[in-house]
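The structure under discussion appears below in the form of structure tokens.
The values are calculated or read from the model by the stated rules, or taken from the named source; none is laboratory data. Everything numeric in this text was worked out from a predicted model, so none of it was measured. Please note: Cβ atoms are built from the backbone with ideal geometry, for glycine as well, and neighbour counts cover all protein chains shown. Keep in mind that these areas ignore ligands, DNA and RNA; they rest on the heavy atoms of the full protein, side chains included. Shrake-Rupley method; radii C 1.70, N 1.55, O 1.52, S 1.80 Å.
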Amino acid sequence: MPNSNVKIIVESNIPFVRGLLDDYATITYLAPEDITPKAVREADGLIVRTRTRCDAALLERSDVMFIATATIGTDHIDSDYCRSRGITVVNAPGCNAPAVAQYVFGSLMQVVNRPLSSYTIGVVGVGHVGSIVARWARGLGMRVLQCDPPRQQAEGGDDWTDMATIAREADIITVHTPLTRDGEFPTYHMLGADYLGTLRRAPIIINSARGAIADTQALIEARKNGLTGPLIIDCWEGEPDINRELLDLAAVATPHIAGYSREGKVRASQIVLDAATTFFMLPRVTVTEPLPPATPRCVTIQGVTDSFDSMPLTAELKADPANFERLRNTYELRHEAPEGSED
């Protein structure tokens, strides 16, 4: 019999978790739009994704003491509010990092017109995702510029560059930072009019991090004025109500699925299940899918392009942008790029 003293709401679109906790707690599966203040009032815990905004408006009158998000990012969670209420928050760092790197290189192969080894790539944010992108890029013979001020400040060393150098020298700029609006290194509208105006090589711009890292209108104007090259956009301001002009201008346009690999979802689901069972002192449960292998040290272009093609989904989204959420929620999880090495 389930322990009715523990009540957990699980977002119904999270894969590989349904039924695993039901023998040990009272579990309610809800679509994101149904996770309301009334629904969570008597809940002890939430297991969610980015579509559920966890803040005072949702939680003020609730009994929630634990939130696990099956995502890398936590900008949908008001961390200060949760801290003030004593609510434990857990995320899944790095769970889909190989999938996002796969997305970056698979999408690049749709827009480049010469060998990747002839490009300089600027990687902004060198955490779980950015470090894989940088490593794979070097393995493919690319020149890599790394910009990560918090890491540079903490670690020192000579492996870092700044955004101004990337603006001058990069043929490709790909951003892999969290979305932050304050602090020493805010990333909100990092790609804004002032910065985009300093670009010198009309670089390919890739946003597979968070939509608001780029100022939508500034990016539109920069593309129209030739300051950027092709745009690869997976994350959008105002999702799911995305800007139609930016959609039209983007060479690759996808509905926030860069991290949607089968292996990434297995990792994320196991992380949140482990966190929930530990917090509520329930028996450990394990997803039925095989746990994924280690992240490839390097990949081949053939391995990436065979494992991911962004263009069919781009065509679907451009044909009917109102289907953003449906396309995202029904996306068939792909397998990550295999291990490989360039000859």
Picked from the range 141-159 (must be at negative phi and over 23 Å from the mean Cα position of the chain (by Cα)), the residue surrounded by the most Cβ atoms within 10 Å (Cβ to Cβ) is Met142
Just to be sure, is Ile204 aliphatic (A, V, I, L, M), touching a strand residue (DSSP E or B) at 6+ places or on another chain (Cβ under 6 Å) and closer than 27 Å to Arg326 by Cβ? no
Looking only at residues that are under 16 Å from Val6 (Cβ atoms) and surrounded by fewer than 16 Cβ atoms within 10 Å (Cβ to Cβ) in the range 275-304, which one is nearest to the chain's Cα centre (by Cα)? Thr278
Close pairs (9 angstrom Cβ cut-off, 6 or more residues apart or separate chains): farther than 22 Å from Val100 by Cα in the range 260-283, of a type in the set (A, V, I, L, M) and assigned to a helix (DSSP H, G or I) anywhere: Leu282/Ala276
Any idea which of Ala218, Ala212 is open to solvent by less than 20 Å² (accessible area, probe 1.4 Å), in a helix (DSSP H, G or I) and in contact with a strand residue (DSSP E or B) (Cβ under 8 Å, 6 or more places away or on another chain)? Ala218
Of the candidates Asp63, Asp80, the one satisfying the condition of being among the acidic types (Asp, Glu) and in a loop (DSSP other than H, G, I, E, B) is Asp63
In the range 24-53, what residues are open to solvent by 10 Å² or more (accessible area, probe 1.4 Å) and assigned to a helix (DSSP H, G or I)? Pro32, Glu33, Asp34, Pro37, Lys38, Ala39
Selection status of Ala134, out of contact with any Leu (no Cβ under 8 Å at 6 or more places or on another chain), assigned to a helix (DSSP H, G or I) and in contact (Cβ under 8 Å) with a residue 40 or more places away in the chain: no
Could you check, for the range 211-229, whether at least one of its residues is in contact (Cβ under 8 Å) with a residue 60 or more places away in the chain and under 20 Å from Gln102 (Cβ atoms)? no
The range 183-203 residues that are more than 20 Å from Thr120 (Cβ to Cβ), paired with ones that are open to solvent by 30 Å² or more (accessible area, probe 1.4 Å) and aliphatic (A, V, I, L, M) (beta carbon under 6 Å, 6 or more apart): Thr187/Leu179
Quick check on the range 141-159. Is at least one of its residues in contact with a Cys (Cβ under 9 Å, 6 or more places away or on another chain) and either closer than 15 Å to Gly122 by Cα or in a helix (DSSP H, G or I) (or both)? no
Counting only residues that are polar (S, T, N, Q), within 24 Å of Ser269 (Cβ to Cβ) and without any contact (Cβ under 8 Å) to a residue 40 or more places away in the chain, the range 52-85 contains a total of 2
Determine which single condition Asp158 fails, assuming it passes every other condition in (1) more than 21 Å from Ile257 (Cβ to Cβ); (2) in contact (Cβ under 8 Å) with a residue 60 or more places away in the chain. (2)
Of residues in the range 170-199 being open to solvent by 60 Å² or more (accessible area, probe 1.4 Å) and within 23 Å of Val252 (Cα to Cα), the one modelled with the lowest pLDDT: Pro178
Please find, within the range 200-209, the residue that is most open to solvent (accessible area, probe 1.4 Å) out of those that are outside any strand (DSSP E or B) and on the phi < 0 side of the Ramachandran plot. Arg200
